[in-house]
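Only one structure is covered here, and it is reproduced in the block below.
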């Protein structure tokens, strides 16, 4: 489960010229609202410039299909890095970048967050949604009407819980199939049927 290219040139991480651009200029990083974070570099691994990545994606194998990624360093600087090799071992991802062919070039990458443009996001299976697509959606209940805006997705061992903030206060919605009826990402609307007892006691409950 690895992919290799030609031996990388010697040089520090930076913004390489983009061969896909006719002018050969470096590709500017995506705007902040288009960045999808898919992993974090934890440390350098070995002597040949590999880094260990803690993936933040439902399918770590997606790294094998990427040609390049963006890395946001601990200092806030952003670099476009070309993937030269990918190895996946028991859920961990090991990457080698053409711009970091030796350990001394890889060590400064530790702590950096890896992201891609949202246009490169992996297509999810049915009934799965990206968290940033859900956050900000208006949530309405078939029994109680408008509840507010989905502010946060809380992960629990049993199921995700959506925190919805609105005029009725904070409502915690279990993200279960029998509760959630419709998710319209394009319109930023979610329709649910809230189980009894979960609406704050403000006169709108039982």
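Using the Cβ-Cβ distance between residue 146 and residue 177 with R0 = 22 Å, the FRET efficiency computed as 1/(1 + (r/R0)^6) comes to roughly 0.50.
From most to least packed by mean Cβ count within 10 Å, the peptides 167-180, 35-48 give 35-48, 167-180.
With Cα atoms defining each centre, the stretch 26-40 and the stretch 110-129 are spaced 10 Å apart in the structure. With R₀ fixed at 30 Å, the C-beta to C-beta distance from residue 104 to residue 163 puts the FRET efficiency at about 0.10.
Where a number appears in this text, it was derived from the coordinates with a stated rule and is not lab data. Predicted model, so just to flag it, every value in this text is computed and none were measured. All Cβ positions, glycine included, derive from the backbone under ideal geometry; neighbour counts span all protein chains shown.
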